[in-house]
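Report on one structure; see the data block that follows.
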């Protein structure tokens, strides 16, 4: 059985790969750059004896990603699909050029739906399998920054809700984690409301409840309270916040 | 620079503190995205006593995300890893297969890249040489040259320049290392009494050829006839011994920043005499022979991090020098006379035997290696000035990465390789892109 991790080369994806390899899983790692994937694959094999394969493919080309991944896993039993993939843009404040908008939407949303769509027939036939998506605390409420990024993550959240509804009686485990700040390059050096969580800690939590968790969860958990506060905030107050 | 975060950085001895832009690349394309003309320096674990991994006015690239094992052949003991790989990870991987790195410093979070850049020595330099002896090849990135594959036997000389090159030749991406076979996983350490500091060299000579671990400890706060009395430690693998000791993942963590958490300098003029006396008594009460596990043998510092923390925020000096064997008598006499007059609280005095040839700024050569630790402060500063002149007088060399204050004149006077290193560095990279506080202070 194989775990597929899309966005595996750094941050949370890499931590998830390390956890699953330690637990004896067979892995398929997907990311843009082979230079990052090859050493990660060899490292996990050397350390844990795990069977690790990888596919270097940019998520900016969703059909190619879905097709190539499906081909390279032909005949394998897929235990789960995890999507710690994502990107944001510093200038995402309403005036991105179309190519950048395309890229953000592809990487954060379309690519994930294409891959899941491609594997869904197999998962439904198996009547088991785990699908894990990751959203962002940045998308809790629309604001003047991360405009397209947040929209794509909100779309993804809706997609996961549908997916869960769709597969409720089919034996699949569908979970969507809304992530708070992670101690990765994205958050590094920024002034943050709350301390960033180490990706290894978040990965451990995801892996511990891989078969049990369903629906939507916040990670770390205290972000649920933050989300609640922001959602409950009246517009006259929210519009004054700059963050 | 995009993505850089201004951070406080401090050398492990607490002597150099700077605020500087820090990058934490975690993908190879992050390394390329830095503009090719931006001065930079690569930082590993940050355990260099001198500021070799920051300073220099450019940005700092933290290399610790590049810590993956690329290949390991349990049949031949050849291991290839990224340069940010900590020694402890290699230990955890290789020891169960019966391999270990025969040359390595005593703390498991030190990275392979740092070991190459400082050409560090291990438990018995006299027999095993310095770190470059275990390095078969290096992959080095420099925006001017792209990725260079440096073989140990290459003629171009960049391999030679990079081993002990203080990280100034470029970004060490990965290295292939030749590990050594373990003949056992336990080490028997024998302690011998040293009555007079003057006996040290002869004793080391008697035992160094065979030992897997050899060093001495001296009390430099004992004065008069007893000056420098102490112990010789001679460790040897117990052939065929087995059993798993602790793994590196379990160590007590310390780094240059957390070392300073205890604000007070508890090792100071008032306490050092007692500290040394207590250590001496404790040691004398131990059995003359004891066995230690492999981890404690390879990483003795992992169990002694408190020692460094006791220097507090102010920090400490380490002065490490190699003097020719024929100068040892003069060294002993000069230290004895000086410390009788100026009671510097020396918290550690330790000797090892060295053999080798010196090139560039590598801390290598034949003779006796003496390391002295003492608290930072006025007395300490005076003592360093004395040691600077002593090491020159005795035709010795000071260790550049162990001393965050070492003046350029001392290094230039002691190392005949200073000018050749400077010139070779400039020939390799006329724009001198990789710079640190060390390279600027030493005008490299």
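The values are calculated or read from the model by the stated rules, or taken from the named source; none is laboratory data. Keep in mind the model is a prediction, meaning the values are calculated, not measured. Every residue, glycine as well, gets a Cβ built from its backbone with ideal geometry; the counts of neighbours run over all protein chains shown.
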message = Return the pair list, or none, for Cβ contacts closer than 7 Å from residues in segment A:141-164 that are modelled with pLDDT under 95 to residues that are surrounded by fewer than 18 Cβ atoms within 10 Å (Cβ to Cβ) and in a helix (DSSP H, G or I), at least 6 apart or on different chains.
response = A:141/A:230; A:141/A:231; A:141/A:238
ask   = What about residue A:50, is it within 14 Å of chain B (Cβ to nearest Cβ), assigned to a helix (DSSP H, G or I) and closer than 20 Å to residue B:89 by Cα?
value = no
ask   = Consider residue A:171 against the criteria (1) within 14 Å of chain B (Cβ to nearest Cβ); (2) at positive phi: it satisfies all of them except one. Which criterion is unmet?
value = (1)
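Could you please let me know if residue A:96 is at negative phi and assigned to a loop (DSSP other than H, G, I, E, B)? Reasoning before the result, please.
Values: at negative phi: yes; assigned to a loop (DSSP other than H, G, I, E, B): yes.
Judged against the criteria, residue A:96 is a match.
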note = Filtering segment B:168-194 down to residues that are outside any loop (DSSP other than H, G, I, E, B) and either within 14 Å of chain A (Cβ to nearest Cβ) or within 19 Å of residue B:28 (Cα to Cα) (or both) yields B:171, B:172, B:173, B:174, B:175, B:176, B:177
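Yes/no matrix, rows are residues, columns are (1) within 21 Å of residue B:177 (Cβ to Cβ); (2) buried (at least 22 other Cβ atoms within 10 Å of the Cβ); (3) in contact with a strand residue (DSSP E or B) (Cβ under 6 Å, 6 or more places away or on another chain):
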residue: B:4; (1), (2), (3): no, no, yes
residue: B:32; (1), (2), (3): no, no, no
residue: B:56; (1), (2), (3): no, yes, yes
residue: B:75; (1), (2), (3): yes, no, no
residue: B:89; (1), (2), (3): yes, yes, no
residue: B:105; (1), (2), (3): yes, no, no
residue: B:110; (1), (2), (3): yes, yes, no
query = For the subset of segment B:87-118 comprising residues that are part of a strand (DSSP E or B) and more than 13 Å from chain A (Cβ to nearest Cβ), which member is farthest from residue B:360 (Cα to Cα)?
reply = B:100
message = Restricting to segment A:22-34, name every residue that is surrounded by fewer than 21 Cβ atoms within 10 Å (Cβ to Cβ) and away from chain B (no Cβ under 11 Å).
response = A:22, A:23, A:24, A:26
ask   = What are the residues in segment B:33-66 that are within 12 Å of another protein chain (Cβ to nearest Cβ), touching a residue at least 40 places away in the same chain (Cβ under 8 Å) and not in a strand (DSSP E or B), if any?
value = B:65, B:66
Subset of segment A:35-44 [at the interface with another protein chain (Cβ under 9 Å from one of its Cβ atoms) and touching a residue at least 24 places away in the same chain (Cβ under 8 Å)] = A:36, A:40, A:44
ask   = Is it the case that some residue within segment B:177-195 is surrounded by 15 or more Cβ atoms within 10 Å (Cβ to Cβ), modelled with pLDDT of 95 or more, more than 26 Å from residue B:76 (Cβ to Cβ) and within 23 Å of the chain's Cα centre (by Cα)?
value = yes
request  = For residue B:167, work out the one condition from (1) modelled with pLDDT under 95; (2) on the phi > 0 side of the Ramachandran plot it doesn't fulfil.
outcome  = (1)
query = in contact with a strand residue (DSSP E or B) (Cβ under 7 Å, 6 or more places away or on another chain) and part of a helix (DSSP H, G or I) - does that describe any residue in segment B:138-157?
reply = no
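Criterion first (more than 18 Å from residue B:52 (Cα to Cα) and in contact with a helix residue (DSSP H, G or I) (Cβ under 8 Å, 6 or more places away or on another chain)) does residue B:388 satisfy it? Step through it out loud before you land on a result.
Numbers: more than 18 Å from residue B:52 (Cα to Cα): yes; in contact with a helix residue (DSSP H, G or I) (Cβ under 8 Å, 6 or more places away or on another chain): yes.
Judged against the criteria, residue B:388 is a match.
From B:349, B:371, grab the single residue that is outside any helix (DSSP H, G or I), crowded, with 22+ Cβ neighbours inside 10 Å, in contact with a strand residue (DSSP E or B) (Cβ under 6 Å, 6 or more places away or on another chain) and in contact (Cβ under 8 Å) with a residue 40 or more places away in the chain.
Values: B:371 fails: crowded, with 22+ Cβ neighbours inside 10 Å.
Exactly one of B:349, B:371 is outside any helix (DSSP H, G or I), crowded, with 22+ Cβ neighbours inside 10 Å, in contact with a strand residue (DSSP E or B) (Cβ under 6 Å, 6 or more places away or on another chain) and in contact (Cβ under 8 Å) with a residue 40 or more places away in the chain, namely B:349.
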query = Can you pull out the residues in segment B:1-20 that are in a strand (DSSP E or B) and facing chain A (nearest Cβ under 9 Å)?
reply = B:5, B:6, B:7
ask   = When you look at residue A:166, is it away from every other protein chain (no Cβ under 14 Å) and out of contact with any strand residue (DSSP E or B) (no Cβ under 8 Å at 6 or more places or on another chain), yes or no?
value = yes
query = Yes or no: residue A:10 buried (at least 21 other Cβ atoms within 10 Å of the Cβ) and within 14 Å of chain B (Cβ to nearest Cβ)?
reply = yes
key: Residues (facing chain A (nearest Cβ under 8 Å) and either over 23 Å from the mean Cα position of the chain (by Cα) or at pLDDT below 95 (or both)) located in segment B:70-86   = B:70, B:71, B:72
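Scan segment A:55-74 and tell me whether some residue there is surrounded by 24 or more Cβ atoms within 10 Å (Cβ to Cβ), over 24 Å from residue B:73 (Cα atoms) and more than 13 Å from chain B (Cβ to nearest Cβ).
Narrowing segment A:55-74 to residues surrounded by 24 or more Cβ atoms within 10 Å (Cβ to Cβ): A:59, A:65.
Narrowing the set further to residues that are over 24 Å from residue B:73 (Cα atoms) leaves A:59, A:65.
Within this subset, residues satisfying the condition of being more than 13 Å from chain B (Cβ to nearest Cβ) are A:59, A:65.
Scanning segment A:55-74, I find at least one residue that is surrounded by 24 or more Cβ atoms within 10 Å (Cβ to Cβ), over 24 Å from residue B:73 (Cα atoms) and more than 13 Å from chain B (Cβ to nearest Cβ), so the answer is yes.
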